[in-house]
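Visitor: Sharing a structure, written as structure tokens. Questions coming.
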Amino acid sequence: MAETTTNRDRSTAQPAFRATGLRKTYDMGETQVHALRGVDLEIGAGEVLVLLGPSGSGKSTLLNIVGALDRPTAGQLWYEDTELTALNDHALTRFRRAHVGFIFQFYNLIPSLTAEENVRLVTDIATDPMPAAEALELVGLGDRRAHFPAQLSGGEQQRVAVARAIAKRPHVLFCDEPTGALDSKTGIKVLETLANANAELGATLIIITHNAGIAGMADRVFNFLDGRIASIEVNETRIAPSEISW
């Protein structure tokens with residue numbers, strides 16, 4: 001897919017997320033682990049954002065908090081005009097159901113269900129889903145919808161997981177090491193699928209990765225170190241996944 005979108009095109013969009021002073025501290029016996037140390041950020045609607053940094057630098061903690069899977073110890077977080085840090089657990093569940101899709105390194109497919117049935121698990125509870133078969137067509141697996149996970153390659157299973165995430169037409173896709181278990185050829189196919197979801201659904205796309213080459217497909221790159229955003233890189237023009245050096 002040709003990529004012509006520039007970061008300037010997205011700079012005028014209303015922020016999808018805003019955060020001020022996000023902190024997350026875990027008590028480990030008598031020791032405190034500071035996973036986030038006061039993070040301020042804005043993430044634009046429709047933006048592609050890549051989070052880079054060593055293990056333990058705070059990337060996954062931030063993703064879990066912004067995705068409403070976890071709460072910060074301190075700080076405030078908004079999604080558009082809603083302060084997520086002020087919501088109770090029930091309201092956060094409704095937020096995730098209505099707005100968010102998650103994709104992880106391991107596919108979490110149910111082995112006894114076909115690809116289409118795995119996707120339908122989400123469409124049965126979403127408010128405005130696309131048909132499961134349509135979601136599988138979007139990820140290039142329309143002809144594999146009756147296959148079980150064991151009959152699919154690793155890359156195909158990950159694309160089923162992507163189809164499951166996009167089937168409810170989410171406003172935001174959170175991806176934690178989505179290509180971490182894949183070879184370069186298969187990983188690029190998954191990244192192309194994610195780029196298409198960003199382009200066709202307008203979904204904000206946030207990707208955690210250890211693969212610095214993936215940063216080229218982002219509008220911006222947050223480099224994490226010791227629980228903070230150490231630096232931010234801006235790509236004036238995004239590259240297509242097929243151009244990524246693995």
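Visitor: Please go through segment 219-246 and give me each residue that is in contact (Cβ under 8 Å) with a residue 40 or more places away in the chain and under 21 Å from GLY155 (Cβ atoms), ordered by number.
Guide: Correct list: ILE239, ALA240, PRO241, SER242, ILE244, TRP246.
Visitor: Separate question: Which ones in segment 1-20 are at pLDDT 95 or above and either of a type in the set (A, V, I, L, M, F, W, C) or in a loop (DSSP other than H, G, I, E, B) (or both)?
Guide: PHE17, ALA19 - these are the residues of segment 1-20 that are at pLDDT 95 or above and either of a type in the set (A, V, I, L, M, F, W, C) or in a loop (DSSP other than H, G, I, E, B) (or both).
Visitor: Let me ask something else. For segment 21-81, which fully contained strands (runs of 3 or more DSSP E) count at least 3 residues that are over 30 Å from GLY202 (Cβ atoms) and in contact with a strand residue (DSSP E or B) (Cβ under 6 Å, 6 or more places away or on another chain)?
Guide: Here the list reads 31-44.
Visitor: Hey, could you check segment 147-173 for residues that are assigned to a loop (DSSP other than H, G, I, E, B) and over 17 Å from the mean Cα position of the chain (by Cα) and say which is surrounded by the most Cβ atoms within 10 Å (Cβ to Cβ)?
Guide: LEU152
Visitor: Which of the residues spanning segment 198-212 are under 11 Å from the mean Cα position of the chain (by Cα) and under 19 Å from MET130 (Cβ atoms)?
Guide: Once the filter is applied, which keeps residues that are under 11 Å from the mean Cα position of the chain (by Cα) and under 19 Å from MET130 (Cβ atoms), segment 198-212 yields ASN198, ALA203, THR204, LEU205.
Visitor: Does ARG97 count as basic (Lys, Arg) and more than 18 Å from the chain's Cα centre (by Cα)?
Guide: no
Visitor: Pairs needed: first member in segment 174-186, assigned to a helix (DSSP H, G or I); second member anywhere, among the aromatic types (Phe, Trp, Tyr); C-beta distance under 9 Å; at least 6 residues apart or different chains.
Guide: Matching pairs, first to second residue: SER184/TRP246; LYS185/TRP246.
Visitor: Could I ask something else about it? Residues being modelled with pLDDT of 90 or more, on the phi < 0 side of the Ramachandran plot and surrounded by fewer than 19 Cβ atoms within 10 Å (Cβ to Cβ): count how many of those fall in segment 174-191.
Guide: Total satisfying the criteria: 0.
Visitor: Look at ASP40 and say whether it is closer than 19 Å to VAL221 by Cα and either surrounded by fewer than 16 Cβ atoms within 10 Å (Cβ to Cβ) or of a type in the set (Lys, Arg) (or both).
Guide: Details: closer than 19 Å to VAL221 by Cα: yes; either surrounded by fewer than 16 Cβ atoms within 10 Å (Cβ to Cβ) or of a type in the set (Lys, Arg) (or both): yes.
Spelling it out, ASP40 is indeed closer than 19 Å to VAL221 by Cα and either surrounded by fewer than 16 Cβ atoms within 10 Å (Cβ to Cβ) or of a type in the set (Lys, Arg) (or both).
Visitor: Additional query: What tally of residues in segment 97-112 results from selecting those that are at pLDDT 90 or above and in contact with a Gly (Cβ under 7 Å, 6 or more places away or on another chain)?
Guide: The qualifying residues number 2.
Visitor: Among helices (runs of 4 or more DSSP H) lying entirely in segment 83-142, which contain 2 or more residues that are surrounded by fewer than 20 Cβ atoms within 10 Å (Cβ to Cβ) and touching a strand residue (DSSP E or B) at 6+ places or on another chain (Cβ under 9 Å)?
Guide: In segment 83-142, the matching helices (runs of 4 or more DSSP H) lie at 89-99.
Visitor: Given ALA133, ALA163, which one is under 24 Å from THR93 (Cα atoms) and in contact with a helix residue (DSSP H, G or I) (Cβ under 9 Å, 6 or more places away or on another chain)?
Guide: ALA163
Visitor: Give just the number: which of (1) over 29 Å from GLU117 (Cβ atoms); (2) within 13 Å of the chain's Cα centre (by Cα) does ILE229 not satisfy?
Guide: (2)
Visitor: Moving on to the next point. Only residues in segment 50-75 that are within 14 Å of VAL100 (Cβ to Cβ) count as the first member; pair them with residues that are assigned to a strand (DSSP E or B) and of a type in the set (S, T, N, Q), Cβ under 6 angstrom, at least 6 apart or cross-chain, and list the lot.
Guide: Note: no pairs meet the criteria.
Visitor: Can you name every residue in segment 12-56 that is of a type in the set (Ser, Thr, Tyr) and in contact with a Gly (Cβ under 7 Å, 6 or more places away or on another chain)?
Guide: If the condition is that a residue be of a type in the set (Ser, Thr, Tyr) and in contact with a Gly (Cβ under 7 Å, 6 or more places away or on another chain), then THR20 is the only one that fits.
The values are calculated or read from the model by the stated rules, or taken from the named source; none is laboratory data. Quantities reported herein were computed from a predicted structural model and do not represent experimental measurements. Note that we place each Cβ from the backbone using ideal geometry, even for glycine, and neighbour counts take in every protein chain shown.
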